[in-house]
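Peer 1: Pasting in a structure now, in structure tokens, and then I'll have a few things to ask.
The values are calculated or read from the model by the stated rules, or taken from the named source; none is laboratory data. If you're wondering where the values come from, they're calculated on a predicted model, not measured in any experiment. Every residue, glycine as well, gets a Cβ built from its backbone with ideal geometry; the counts of neighbours run over all protein chains shown.
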Amino acid sequence: MTRLKLKAPIIRENENSVIVYIRHEPLAKPEETVLDYLEKHLEITNTKARELTGIESESSMKQIFFRLRDQGLIEPVPGKRGTKSAWQKPGIQLKLPFTD
């Protein structure tokens, strides 16, 4: 279903039967998927975003990140570049434990 960019089926098991609901509802837009993920996680990588959205091309995913960045919705994680690059919501700062 992900390959078809449709939501996963809903499967309900009863005592003697199984009901499968296949809805032809599109998945959320890739931008929405990225922002939803960042509601629960500090950062997202290109690889993770492609896994969640079903997008296969790294450069296509990068363009989505750039659009979100240009709208001020995400920013690159400082210090992470190249294959380790990641994106976060603006203004997130890693809080280090207090040391004496």
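Peer 1: Among the residues that make up segment 63-86, is at least one of them part of a strand (DSSP E or B) and surrounded by 17 or more Cβ atoms within 10 Å (Cβ to Cβ)?
Peer 2: Just the residues of segment 63-86 that are part of a strand (DSSP E or B), to begin with: 75-76, 86.
With surrounded by 17 or more Cβ atoms within 10 Å (Cβ to Cβ) added as a condition, the list becomes 86.
Yes, segment 63-86 contains at least one residue that is part of a strand (DSSP E or B) and surrounded by 17 or more Cβ atoms within 10 Å (Cβ to Cβ).
Peer 1: Go through segment 42-84 and give me each residue that's within 16 Å of GLU31 (Cβ to Cβ), more than 11 Å from the chain's Cα centre (by Cα) and basic (Lys, Arg).
Peer 2: LYS62, ARG67, ARG69
Peer 1: Being buried (at least 17 other Cβ atoms within 10 Å of the Cβ) and in contact with a strand residue (DSSP E or B) (Cβ under 7 Å, 6 or more places away or on another chain) is the filter here; which residues of segment 15-44 pass it?
Peer 2: Matches in segment 15-44: LEU27, VAL34, LEU38, GLU43, ILE44.
Peer 1: For segment 32-62, enumerate the residues that are assigned to a helix (DSSP H, G or I) and of a type in the set (Asp, Glu). So that I can check it myself, show each step before the final result.
Peer 2: Keep residues of segment 32-62 that are assigned to a helix (DSSP H, G or I), which gives 32-40, 46-53, 58-62.
Once the filter is applied, which keeps residues that are assigned to a helix (DSSP H, G or I) and of a type in the set (Asp, Glu), segment 32-62 yields GLU32, ASP36, GLU39, GLU51, GLU58.
Peer 1: Here's another thing I want to ask about it. Within segment 29-57, track down each residue that is more than 17 Å from TRP87 (Cβ to Cβ) and at pLDDT below 90. Walk me through it before giving the result.
Peer 2: Step one: of segment 29-57, the residues more than 17 Å from TRP87 (Cβ to Cβ) are 54, 56.
If the condition is that a residue be more than 17 Å from TRP87 (Cβ to Cβ) and at pLDDT below 90, then GLY54 is the only one that fits.
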